[in-house]
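K.L.:
Below is a structure I'd like to ask you about.
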Amino acid sequence: MLDAAYMVVRSQGLVLASPTNLGLSHVIALILSYARTFHPKPQIPNPNIITTATTATMASKLLSPAPCLARASRSSLQCLRRAPTQATAIVQRRYVSAYGYEQAKALTFTDYGEPPSVLSLHSHSISPPHGDLMTLRFLASPINPADINQIQGVYPSKPTFTTSLGTANPIAVAGNEGVAEIIALGEKVKQQGFKKGDWVIMKAPGFGTWRTHASATPEQVVRLDEEMREGITAIQAGTVSINPCTAYRMLTAFTHLKEGEWFIQNGANSGVGRAAIQLGKRWGLKSINVIRGRDDKAAEAKLKEDLKAIGADVVITDSELQSQGIKDMSKEWTDGGREPIRLALNCVNGKAATAMAKLLASESHFVTYGAMSKQPLTIPASMLIFKDIHFHGFWVSKWSAQNPDEKKKAVADVLELTRKGQFKDTPFDQIKWEWETKGEELVAKVKDTLEGYREGKGVFVFGKT
């Protein structure tokens, strides 16, 4: 009978534990889960209410026919197949888990390529956690440029391709950043201080955060303490571990900038750029910020004012940076050059990045953390020989994996500034992800990010999943 029940539920696309590990109560749970999940539900005034009469009838029809259990396996299979049809009177929302089996959806891919071509929405089940496992329900997961590059197969950090989500061929879940809530956990997880309701962020890239639920171990996550969570929204927590931490680390790790000293950066309207402006202002630093020029000059002027409103001292376009008069403008900003520019943050490359490096004082530091233009970084020999400019690369994923305690401190500091109103969110474009949301809608939102301008940073915000 147990094998038969497993076959019935498996045939409907659910991925559950081996039938050898199931008892009679689990058989009933499988039947109830199958009936609730896959059969149409009649319209009643309150779909979340299961009446006592309905429950009694269901229990009677499932448990009373003892002859069914005593017959040969073929009769048992027939009995199990009839039960879901009789159970359609039970009405529950699709997003409610039953008997420990969590139904989940994820944006996945089997091969590298352009996101619109390779992404699809995959449904699967997660067994009840035991031992060192916990079940997570995601609250918010952003769409970062690194996520797109990872799907394309050009990012150094590779996702995990696995068949553990119930597929014949290995698949990977997209997304690297997000915040999730623990909804169930095994005994060993409890012994490490975790509890139901805790919020966690991912410790390293490649976990796969574009999904409703996941199974994880304590080694894969960083728990946000209660004091860190206080007054913080899910979106704020879900977007703190990459962009703000990148800015935090670059401003503090490569040179010691004193209060009143300058740094210059391109990509100033990005998540990292906005974070650097605000952190720098908080620490008494001055900033020159480079943005892409816009055809719409009114929009360009508004963006400059928006960045100044969060603490930018100077905002210029990439064309202004490469103009003949830039050195004179730089002297005007820095008190005739007596206030040196000692740090540059680069995520663009190309000629504009070289022009930015030329404004640095001798023995300054130039940090590259991206290559949005897909052009090489050209370094004139004179900068190395005569000005002794130090060029560095920075990858926040590697730093986070090697320095989890430092990352946690950076996260705590940024969240504390956010709580006090001293660090403002990057503009967000909230992408609602409900259980009923179609895969085509979610992939279209990823495509919007891939194609450039949007009103704000795309973030999947999970509703009733």
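K.L.:
Residue 214 - would you say it is buried (at least 22 other Cβ atoms within 10 Å of the Cβ), part of a helix (DSSP H, G or I) and of a type in the set (A, V, I, L, M)? Please lay out each step first, then the result.
P.N.:
Working: buried (at least 22 other Cβ atoms within 10 Å of the Cβ): yes; part of a helix (DSSP H, G or I): no; of a type in the set (A, V, I, L, M): yes.
Here the answer is no, as residue 214 does not meet what is asked.
K.L.:
Based on what the data block shows, is residue 179 crowded, with 23+ Cβ neighbours inside 10 Å, touching a residue at least 40 places away in the same chain (Cβ under 8 Å) and under 25 Å from residue 405 (Cβ atoms)? First the steps, then the outcome.
P.N.:
Values: crowded, with 23+ Cβ neighbours inside 10 Å: yes; touching a residue at least 40 places away in the same chain (Cβ under 8 Å): yes; under 25 Å from residue 405 (Cβ atoms): yes.
Judged against the criteria, residue 179 is a match.
K.L.:
Filter the helices (runs of 4 or more DSSP H) completely within the stretch 360-465 down to those with at least 2 residues that are assigned by TED's automatic domain parsing to the domain that holds residue 282 and more than 18 Å from the chain's Cα centre (by Cα). Show your work before the answer.
P.N.:
Details: elements: 381-385, 396-402, 404-419, 439-450.
Hits in the stretch 360-465: 381-385.
K.L.:
In the stretch 327-348, what count of residues is obtained for those that are over 20 Å from residue 249 (Cα atoms) and either in contact with a Leu (Cβ under 6 Å, 6 or more places away or on another chain) or touching a residue at least 24 places away in the same chain (Cβ under 8 Å) (or both)? Please lay out each step first, then the result.
P.N.:
In the first step, residues of the stretch 327-348 are kept if they are over 20 Å from residue 249 (Cα atoms); the result is 327-340.
Now drop any that are not either in contact with a Leu (Cβ under 6 Å, 6 or more places away or on another chain) or touching a residue at least 24 places away in the same chain (Cβ under 8 Å) (or both), which leaves 327, 330, 333-334, 339-340.
The qualifying residues number 6.
K.L.:
Given 362, 330, which one is surrounded by fewer than 14 Cβ atoms within 10 Å (Cβ to Cβ), hydroxyl-bearing (Ser, Thr, Tyr) and at pLDDT 95 or above? Spell out how you get there, then give the answer.
P.N.:
Details: 330 fails: surrounded by fewer than 14 Cβ atoms within 10 Å (Cβ to Cβ).
The conditions single out 362.
K.L.:
Within the stretch 251-270, is even one residue closer than 29 Å to residue 420 by Cβ, surrounded by 17 or more Cβ atoms within 10 Å (Cβ to Cβ) and touching a Phe, Trp or Tyr at 6+ places or on another chain (Cβ under 6 Å)?
P.N.:
Within the stretch 251-270 (the criterion being closer than 29 Å to residue 420 by Cβ, surrounded by 17 or more Cβ atoms within 10 Å (Cβ to Cβ) and touching a Phe, Trp or Tyr at 6+ places or on another chain (Cβ under 6 Å)), the answer is no, since none of the residues qualifies.
K.L.:
Against the definition (farther than 26 Å from residue 423 by Cβ, surrounded by fewer than 16 Cβ atoms within 10 Å (Cβ to Cβ), in the same structural domain as residue 140 (by TED's automatic domain parsing) and among the aliphatic types (A, V, I, L, M)), how does residue 172 come out, yes or no? Give the steps one after another, and end with the answer.
P.N.:
Working: farther than 26 Å from residue 423 by Cβ: yes; surrounded by fewer than 16 Cβ atoms within 10 Å (Cβ to Cβ): no; in the same structural domain as residue 140 (by TED's automatic domain parsing): yes; among the aliphatic types (A, V, I, L, M): yes.
Spelling it out, it is not the case that residue 172 is farther than 26 Å from residue 423 by Cβ, surrounded by fewer than 16 Cβ atoms within 10 Å (Cβ to Cβ), in the same structural domain as residue 140 (by TED's automatic domain parsing) and among the aliphatic types (A, V, I, L, M).
K.L.:
If I filter the stretch 235-245 for residues that are on the phi > 0 side of the Ramachandran plot and at pLDDT 95 or above, do I get at least one hit? Break it down stepwise before answering.
P.N.:
In the first step, residues of the stretch 235-245 are kept if they are on the phi > 0 side of the Ramachandran plot; the result is none.
Scanning the stretch 235-245 turns up no residue that is on the phi > 0 side of the Ramachandran plot and at pLDDT 95 or above.
One line per residue, one yes/no per condition, for (1) surrounded by 16 or more Cβ atoms within 10 Å (Cβ to Cβ); (2) touching a Phe, Trp or Tyr at 6+ places or on another chain (Cβ under 8 Å):
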site	(1), (2)
409	no, no
413	yes, yes
420	no, no
426	yes, no
433	yes, yes
440	no, no
447	no, no
456	no, yes
462	yes, yes
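The values are calculated or read from the model by the stated rules, or taken from the named source; none is laboratory data. Because the structure is predicted, anything quoted here is derived from the model rather than measured. Heads up, the Cβs are rebuilt from the backbone with ideal geometry, glycines too, and the neighbour counts pull from every protein chain shown.
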